[in-house]
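Notes to accompany the following structure.
The values are calculated or read from the model by the stated rules, or taken from the named source; none is laboratory data. Keep in mind that what you see is a predicted model, and the values were worked out from it rather than measured. Cβ coordinates were reconstructed from backbone atoms using ideal geometry, including for glycine residues, and neighbour counts include every protein chain displayed. In case anyone asks, the SASA skips ligands and DNA or RNA and just uses the protein heavy atoms, side chains included. Shrake-Rupley method; radii C 1.70, N 1.55, O 1.52, S 1.80 Å.
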Amino acid sequence: MIHLAVRATRRYARCPLCQRRSRRVHSHYARTLADLPCSGDRVTLHLRVRRFVCRVPSCRRKIFAERLPDLVAPFAQRTMRLADHLV
């Protein structure tokens, strides 16, 4: 089994409601994702996801998590690559 520790390096994230950029990190949380096998071994990504503060006063979303749409869909437990392969 292969375990990879992964984190985003972009300095900001966009609020999913108002689309404004935020650099203010509120907290972090961990996600575990399954990816395509490598040489027959299972691959697991341990992703450190940041939560950001939306600083727009009129936005209903005060705290939001960064999105990584090229890697994983919201709330998914497998990468986009693995999901496409299984379809």
Can you go through R60, R81, R48 and tell me which one is over 18 Å from L4 (Cβ atoms), of a type outside the set (A, V, I, L, M) and open to solvent by 70 Å² or more (accessible area, probe 1.4 Å)?
R60
Reported set for segment 5-55 where residues are within 20 Å of H85 (Cα to Cα) and hydrophobic (A, V, I, L, M, F, W, C) is L33, A34, L36, C38, V43, L45
For segment 8-39, which positions are within 14 Å of L68 (Cα to Cα) and surrounded by 12 or more Cβ atoms within 10 Å (Cβ to Cβ)?
A8, Y12, A13, R14, C15, P16, R31, L33
From the residues in segment 62-87 that are in a loop (DSSP other than H, G, I, E, B) and more than 17 Å from the chain's Cα centre (by Cα), which one is modelled with the highest pLDDT?
K62
Which of the residues belonging to segment 15-38 are in a strand (DSSP E or B), out of contact with any Cys (no Cβ under 8 Å at 6 or more places or on another chain) and in contact (Cβ under 8 Å) with a residue 24 or more places away in the chain?
V25, H26, S27, Y29, R31, T32, L33, A34, D35, L36, C38
Just give me the residues in segment 63-77 being over 15 Å from H28 (Cα atoms) and of a type in the set (D, E, K, R), in sequence order.
D70
